[in-house]
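Read the structure below first, then the notes.
Values quoted throughout were computed directly from the atomic coordinates according to the rules given, and no laboratory measurement underlies them. Everything quoted here is computed from the prediction, not taken from an experiment.
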Amino acid sequence: MDATDKDAPVAVVTGAASGIGLAVTKFLVARGYRVVMADWNDELAKKESTALGDQTSVIKCDVASWDSQATMFATAIKIWGRIDVVHANAGIPDQLPLFHDNSIEPQKPKTLAIEVDLYGVIYSTSLALFYIRQNKGRGGKIIITASQAGVYPLATGPLYAAAKSGCINMMRSIAKSCAKEQIYVNCICPGLTDTGLTHNAMDQFPKNIVAPMENHIRTIETFLDTDIYGAAMESDAGGLFNRQKPDYWSPEHQAWLESDETADAWEKGGPLGSSQLGSDHR
Ligand SMILES: NC(=O)c1ccc[n+]([C@@H]2O[C@H](COP(=O)([O-])OP(=O)(O)OC[C@H]3O[C@@H](n4cnc5c(N)ncnc54)[C@H](O)[C@@H]3O)[C@@H](O)[C@H]2O)c1
């Protein structure tokens with residue numbers, strides 16, 4: 001399979017220049033995918049793309065910007081003609097300190113981690129659905145890189161944890177209805193991994209808690225090769241663990257929350273909320 005093979009599936013990977021996104025890109029290329037490497041660091045992405053060959057193309061993109069992502073997806077379609085898999089992977093850590101002590105006046109918290117790690121994923125998912133739905137019923141896959149920090153609290157990164165748990169519950173909320181369109185949505189939740197994000201701190205940690213990249217690739221392989229959906233797959237040194245949502249307080253409550261009739265009833269109820277702020281207010 002080569003770049004001119006119109007039947008070769010196409011993947012968009014955000015944050016593909018480094019770390020987990022780069023490892024997934026290499027795995028996809030080895031499996032015959034054509035891959036759009038979407039990254040803010042286009043210089044590094046181009047270096048890696050040149051090494052990988054003409055099955056890859058680089059599009060500079062800031063995932064925190066809707067316009068930047070919309071342009072990136074439109075360009076991807078112009079280059080390759082289709083999109084089958086989207087891996088919303090780009091992410092950054094918290095800009096700390098989040099909450100200052102009282103020695104200074106109140107400061108607006110730095111929310112860039114939410115903009116990149118949650119809004120960026122929302123934009124990627126929205127665009128992925130739009131383009132994958134054009135696949136004439138073939139469907140596709142949406143993979144979101146959340147984190148162990150979306151499963152457990154993270155004292156050193158509260159907004160990072162908020163963004164990542166937001167990704168998991170958004171994924172769980174849409175997975176069932178997307179699966180009806182053969183679009184299978186899942187999260188990978190890596191543990192501590194030696195990448196550009198963490199490399200400088202790696203000497204501080206015991207080696208046996210570091211997640212091997214092979215486990216992350218096994219997770220991605222599972223998402224690609226099966227019709228699993230709604231999974232929050234923790235991928236860590238200890239292996240792969242499909243983390244479940246908490247128990248409901250009764251089977252009837254679960255049935256009510258999950259039934260299609262309930263979703264229909266909400267829709268029939270019309271728009272909710274009576275905020276006095278206009279819809280154009282952020
Ligand atoms: N490394 C870990 O221990 C770990 C653990 C759990 C989850 N994760 C998640 O894995 C994902 C990948 O991170 P990584 O560890 O491979 O780090 P990394 O720094 O090696 O790679 C992240 C890539 O994202 C790109 N990027 C950052 N902000 C961007 C933006 N606004 N727009 C476009 N591209 C942007 C960077 O240029 C970089 O190439 C992130 O979502 C991260 O939160 C990492």
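May I ask what percent, to the nearest 5, of DSSP beta bridges between residues of the range 10-248 are antiparallel?
Antiparallel bridges make up about 15 percent of those DSSP assigns within the range 10-248.
Apply the a/c threshold of 1.5 to the C-alpha gyration tensor of the range 91-241 and tell me whether it is rounded, prolate or oblate.
Verdict is oblate for the range 91-241.
Once a ≥ b ≥ c are taken as the square roots of the eigenvalues of the Cα gyration tensor of the chain, is the result rounded (a/c under 1.5), prolate (a/b larger than b/c) or oblate (a/b not larger than b/c)?
rounded
Kirkwood hydrodynamic radius for the range 154-282: how many Å is it when counted over pairs of different Cα atoms?
17.8
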